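Trainee: The following block contains the structure, expressed as structure tokens.
What follows is calculated from the coordinates using simple rules that are stated; it is not laboratory data. This one's a predicted model, so the numbers in the text were calculated from it and none came from an experiment. Neighbour counts are summed over all protein chains in view; Cβ atoms, including those assigned to glycine, are modelled from backbone coordinates with ideal geometry.
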Amino acid sequence: MVSPATATRVVARRSRTQAVPATRYDRRLAEILTHATEVFCKKGYEGASMRELSRASGMSLAGLYYYFESKERLLYLIQKHTFTTIVQRLKSRLQGVTDSEERIRIFILNHLEYFLANQAAMKVLSHEAEVLKNGFAAEVAAIKREYYRVCVGLLDDLKRERGLQFSSRIAVLSLFGMMNWIYTWHNPRVDADACAIAREMGDVFLRGVTAGDKRGR
């Protein structure tokens, strides 16, 4: 069995190589979304104007409207990019890992690393979660459901492996409750980094859900 500390270090090494946008358009889009995220974070979605988003991105107002017909589309792209990136990174990290506990620890580390590295985006996603409507909302909700189902699957695997009885739904929602608000309290001057926090959160969470494990881990 791989120790929690070893598993965390291995996953951290895997995450250091970040995929970079492949084309000039992708790079420019990423820049615009970063600037838009900062504006939404400071002003709030309702308080931000397309003119402010234009100034922040360095794109003309006409150009911004040409590519993004509304600020709702910008918010949609921020949410889609964020959740898609988290899911893709997670799936990549889980490849080749078979130990059920280690896979859950990878899930926790992947989540916390991204949240702490993208705190403005996390604030926007948390505060503006209900803004998107119709097709935009449905597409983002589908990605969120996929992410939730992946986590449920990881917990179900642990239950089968150890003969545990608990609600995967309650466990998963409790885990998200632990992780999702880290941007509101994490202070890099006094708090540990993502790897250390993921290890401690993993210990707390796994001790709870494996309390009935007859092997007394």
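Trainee: Run lengths n ≥ 4 of DSSP H only: what is the helix-derived mean residue ellipticity at 222 nm for the chain, with -39500 (n - 2.57) per run over all residues, to the nearest 500?
Mentor: -24000 deg cm²/dmol
Trainee: Report, in listed order, any pair from K91/K133; K91/K144; K43/K71; K42/K91; K43/K133 with a Cα-Cα distance greater than 24 Å.
Mentor: Over 24 Å Cα-Cα: K91/K133; K42/K91.
Trainee: Could you tell me the center-to-center distance, by alpha carbons, between segment 45-116 and segment 123-157 in angstrom?
Mentor: Segment 45-116 and segment 123-157 have Cα centres separated by 12 Å.
Trainee: What does the highest-first list of 43-49, 188-194, 154-160 look like by mean Cβ count within 10 Å?
Mentor: The densest-packed peptide leads the list: 154-160, 43-49, 188-194.
Trainee: Still on this structure, please answer the following. At a temperature of 37 °C and a viscosity of 0.692 mPa s, determine how fast segment 4-209 diffuses translationally according to Stokes-Einstein, using the Kirkwood radius over alpha-carbon pairs as Rh; express D in µm²/s, rounded to the nearest whole number.
Mentor: Values: Rh = 18.4 Å.
The diffusion coefficient I find is 179 µm²/s.
Trainee: Hey, could you grab the Kirkwood Rh for segment 91-193? Inverse mean 1/r over distinct alpha carbon pairs, Å, one decimal.
Mentor: 15.3 Å
Trainee: Could I ask something else about it? Hey, what do the phi angles of segment 45-54 turn into as Karplus ³J(HN,Hα) couplings, whole Hz, using 6.51/-1.76/1.60 and θ = phi - 60°, x for Gly and Pro?
Mentor: So the Karplus estimates, Gly and Pro as x, are 4, 5, x, 8, 10, 4, 5, 5, 5, 5 Hz.
Trainee: Would you mind calculating the gained length between M178 and E200 on full extension (0.36 nm times residue separation, minus the Cα-Cα distance), in nm to one decimal?
Mentor: 6.8 nm
Trainee: Follow-up. Pull out the extension gain between T85 and Y66, defined as 0.36 nm times the separation in residues minus the alpha carbon to alpha carbon distance; nm, one decimal. Spell out each step's value before the answer.
Mentor: Numbers: separation 19, 0.36 × 19 = 6.84 nm, distance 2.54 nm.
The span from T85 to Y66 would gain 4.3 nm if fully extended.
Trainee: For the pair K144/L29, report the inter-label distance in nm, with labels modelled 7 Å from Cα in the Cβ direction.
Mentor: 2.2 nm
Trainee: What angle, in degrees between 0 and 90 and rounded to the nearest 10, separates the Cα long axis of helix 24-43 from the longest principal axis of the Cα atoms of the chain?
Mentor: Taking Cα atoms only, the helix is inclined about 90 degrees.
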